[in-house]
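A.B. asks: Below you'll find the structure I mean.
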Amino acid sequence: MTIQDLKSQNLILFEAISGSKSFGLNTPTSDTDIKGVYYLPKEKFFGLEYIPQISNETNDEVYYEIGRFVELLIKNNPNILEILASPKDCILYQHPLMEQLKIEDFLSKLCKDSFAGYAVTQIKKARGLNKKIVNPMPKEKKSLLDFCAVLKGYETVSVNSFLTENKLKQEQFGLVNIPNSKGMFALFYDENKSLGYKGIIQKETSNEVSVSSIPKGEKLVGYLSCNQDGYSTYCKEYTDYWNWIDKRNEDRYNTNQQHGRNYDSKNMMHTIRLLQTANNILSTGKLNIRVPNREELLDIKAGNKEYDVLLEMADDLITSIEKHYTTSSLPEKPDEAKAIQTLIQIREKLYRQDL
């Protein structure tokens with residue numbers, strides 16, 4: 001099913017503008033994100049085609065099946081609680097049955113982990129981006145040869161340097177495993193290409209070195225060390241980096257480059273916002289997603305604060321969250337039985353009118 005199917009079949013129960021516009025953080029260049037709730041046609045819900053979530057290709061329009069929506073509300077999922085708490089001027093449509101789901105029935109102390117925990121993962125994500133910005137990776141990918149070295153006395157020299165210095169070709173080498181010595185190999189060289197050696201690696205994309213059968217009496221050239229774990233780590237980082245390059249939001253990236261702070265400022269703005277929201281929920285027992293400190297948060301988005309200052313700000317908020325958690329009058333978790341009963345009542349009315 002698609003979002004258009006939901007609309008053409010009148011299956012939508014709730015629809016609202018979300019993201020920066022609902023938070024009051026939108027600027028002239030902000031996108032319009034839409035979130036919503038739907039129910040499935042009875043043949044899909046009662047059959048084997050349960051669909052918990054439907055979104056468009058860019059993921060800026062996401063709709064949740066009513067059961068999945070309630071399940072995530074019970075878990076105090078930040079995105080889902082914020083949908084239910086949408087400001088009135090952002091609500092595009094609300095089915096009367098949705099009025100049975102009240103935000104006060106779901107707010108609980110679980111928000112400490114769901115909001116703050118998510119914010120901490122965002123801090124880690126920002127640090128990861130910091131690493132990518134500060135340490136760009138060349139497009140030309142290294143091969144396993146770049147992680148191999150030849151012993152030279154008490155030192156090592158890279159295989160590539162060794163090959164160049166001695167005017168040798170890696171394809172004419174034969175390697176033999178050295179027992180009880182991880183990543184160490186004995187090196188032999190076939191001057192006449194007559195011994196069938198497999199080379200150090202068989203092709204540029206090889207993930208491991210090759211070993212060969214060495215005839216008796218062949219002269220040992222030296223010993224080779226292969227850091228295969230280092231190469232595996234490099235390959236993962238290379239793939240992550242270039243996937244990020246392919247998928248990154250150029251406008252957002254350019255903003256980060258312009259302010260020169262070497263962190264994702266938009267990500268950090270939302271991290272601080274999430275922590276402030278969790279702090280307010282625990283201290284007041286209410287969720288108001290429209291921020292009272294728009295200018296401060298946009299200042300963070302613009303990259304006008306040092307990264308370490310933001311981390312200190314986050315640490316202070318986490319300390320405050322822990323303090324309010326112990327004194328909050330909110331329940332430990334939502335009344336799951338009540339929530340499920342409400343869900344059942346909503347579904348009964350929806351499917352009864354469809355029969």
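The values are calculated or read from the model by the stated rules, or taken from the named source; none is laboratory data. Here the structure is a predicted model, which means the values were calculated and not measured. As a convention, Cβ positions derive from the backbone with ideal geometry for all residues, glycine included, and neighbour counts pool all protein chains shown.
A.B. asks: Is it true that Arg347 is basic (Lys, Arg), touching a Pro at 6+ places or on another chain (Cβ under 6 Å) and closer than 21 Å to Ile103 by Cα? Break it down stepwise before answering.
C.D. replies: Details: basic (Lys, Arg): yes; touching a Pro at 6+ places or on another chain (Cβ under 6 Å): no; closer than 21 Å to Ile103 by Cα: yes.
No: the conditions fail for Arg347.
A.B. asks: Filter the range 55-71 down to the residues that are surrounded by fewer than 20 Cβ atoms within 10 Å (Cβ to Cβ) and either hydrophobic (A, V, I, L, M, F, W, C) or part of a loop (DSSP other than H, G, I, E, B) (or both) and list them by number. I'd like the intermediate steps shown before the answer.
C.D. replies: Our first condition is that a residue be surrounded by fewer than 20 Cβ atoms within 10 Å (Cβ to Cβ); within the range 55-71, this holds for 55-62, 67-68, 71.
Within the range 55-71, Asn56, Glu57, Thr58, Asn59, Asp60, Val62 qualify.
A.B. asks: Within the range 1-54, track down each residue that is more than 22 Å from Pro78 (Cα to Cα), acidic (Asp, Glu) and assigned to a loop (DSSP other than H, G, I, E, B). Break it down into steps so the answer makes sense when it comes.
C.D. replies: Going through the range 1-54, the residues more than 22 Å from Pro78 (Cα to Cα) turn out to be 1-11, 27-29, 40-50.
Within this subset, residues satisfying the condition of being acidic (Asp, Glu) are 5, 43, 49.
The answer is Glu49, and nothing else.
A.B. asks: Related question: Looking only at the range 172-212, filter to residues that are touching a residue at least 24 places away in the same chain (Cβ under 8 Å) and among the small types (Gly, Ala, Ser); which one of those is surrounded by the most Cβ atoms within 10 Å (Cβ to Cβ)? Spell out the reasoning first.
C.D. replies: Residues of the range 172-212 that are touching a residue at least 24 places away in the same chain (Cβ under 8 Å), as a first pass: 172-178, 183-189, 197-201, 204-212.
Adding the requirement that they be among the small types (Gly, Ala, Ser) leaves 174, 183, 186, 199, 206, 210, 212.
Working: Gly174: 24, Gly183: 16, Ala186: 18, Gly199: 19, Ser206: 15, Ser210: 18, Ser212: 18.
Restricting to residues being touching a residue at least 24 places away in the same chain (Cβ under 8 Å) and among the small types (Gly, Ala, Ser), the top hit is Gly174.
A.B. asks: Of everything in the range 167-218, what is among the polar types (S, T, N, Q) and in a loop (DSSP other than H, G, I, E, B)? Give them in sequence order. Working first, answer last.
C.D. replies: We begin by selecting, within the range 167-218, every residue among the polar types (S, T, N, Q); these are 170, 172, 177, 180-181, 192, 194, 202, 205-207, 210, 212-213.
Result: Asn180, Ser181, Asn192, Ser194, Gln202, Thr205, Ser206, Asn207, Ser210, Ser212, Ser213.
A.B. asks: Residues of the range 145-160 being more than 19 Å from Asp240 (Cβ to Cβ) and of a type outside the set (Ser, Thr, Tyr), which ones? Break it down stepwise before answering.
C.D. replies: Looking only at the range 145-160, we keep the residues that are more than 19 Å from Asp240 (Cβ to Cβ), and these are 145, 148-160.
Across the range 145-160, the qualifying residues are Leu145, Cys148, Ala149, Val150, Leu151, Lys152, Gly153, Glu155, Val157, Val159, Asn160.
A.B. asks: Moving to a separate point now. Quick one: would you say Ser225 is assigned by TED's automatic domain parsing to the domain that holds Cys148, in a loop (DSSP other than H, G, I, E, B) and among the hydroxyl-bearing types (Ser, Thr, Tyr)? Don't jump to the end; show me each part of the working.
C.D. replies: On the way: assigned by TED's automatic domain parsing to the domain that holds Cys148: yes; in a loop (DSSP other than H, G, I, E, B): no; among the hydroxyl-bearing types (Ser, Thr, Tyr): yes.
Judged against the criteria, Ser225 is not a match.
A.B. asks: OK, next. Tally time: how many residues in the range 186-201 are more than 17 Å from Gly217 (Cα to Cα) and either hydrophobic (A, V, I, L, M, F, W, C) or at pLDDT below 95 (or both)? Before the answer, list the steps.
C.D. replies: Keep residues of the range 186-201 that are more than 17 Å from Gly217 (Cα to Cα), which gives 198-201.
Now drop any that are not either hydrophobic (A, V, I, L, M, F, W, C) or at pLDDT below 95 (or both), which leaves 200-201.
Selection size over the range 186-201: 2.
A.B. asks: It is to be established whether one or more residues within the range 320-335 are in contact with a helix residue (DSSP H, G or I) (Cβ under 8 Å, 6 or more places away or on another chain), closer than 30 Å to Lys42 by Cα and either assigned by TED's automatic domain parsing to the domain that holds Arg273 or modelled with pLDDT of 95 or more (or both). I'd like the intermediate steps shown before the answer.
C.D. replies: So the first thing to find is which residues in the range 320-335 are in contact with a helix residue (DSSP H, G or I) (Cβ under 8 Å, 6 or more places away or on another chain), and the list is 320-322, 324-325, 328, 330, 333-335.
Subset that is closer than 30 Å to Lys42 by Cα: 334-335.
Those still in the list that are either assigned by TED's automatic domain parsing to the domain that holds Arg273 or modelled with pLDDT of 95 or more (or both) too: 334-335.
Among the residues of the range 320-335, at least one is in contact with a helix residue (DSSP H, G or I) (Cβ under 8 Å, 6 or more places away or on another chain), closer than 30 Å to Lys42 by Cα and either assigned by TED's automatic domain parsing to the domain that holds Arg273 or modelled with pLDDT of 95 or more (or both), which makes the answer yes.
A.B. asks: Of all residues in the range 144-171, count the ones that are more than 43 Å from the chain's Cα centre (by Cα) and either buried (at least 19 other Cβ atoms within 10 Å of the Cβ) or in contact (Cβ under 8 Å) with a residue 60 or more places away in the chain (or both).
C.D. replies: 1
A.B. asks: Just for helices (runs of 4 or more DSSP H) wholly inside the range 282-355: which have at least 3 residues that are surrounded by fewer than 12 Cβ atoms within 10 Å (Cβ to Cβ)?
C.D. replies: Details: elements: 294-301, 307-327, 336-354.
The qualifying helices (runs of 4 or more DSSP H) are 307-327, 336-354.
A.B. asks: Considering each residue of the range 2-32, count those that are among the hydroxyl-bearing types (Ser, Thr, Tyr), buried (at least 19 other Cβ atoms within 10 Å of the Cβ) and over 30 Å from Glu49 (Cα atoms), and give that number.
C.D. replies: Start the filter on the range 2-32 by keeping residues that are among the hydroxyl-bearing types (Ser, Thr, Tyr), which leaves 2, 8, 18, 20, 22, 27, 29-30, 32.
Those still in the list that are buried (at least 19 other Cβ atoms within 10 Å of the Cβ) too: 18, 20, 22.
Keeping just the survivors that are over 30 Å from Glu49 (Cα atoms) gives 20, 22.
Total meeting the criteria: 2.
A.B. asks: Sticking with this one: How many of the residues making up the range 72-99 are touching a Cys at 6+ places or on another chain (Cβ under 8 Å) and in a loop (DSSP other than H, G, I, E, B)?
C.D. replies: The total comes to 1.
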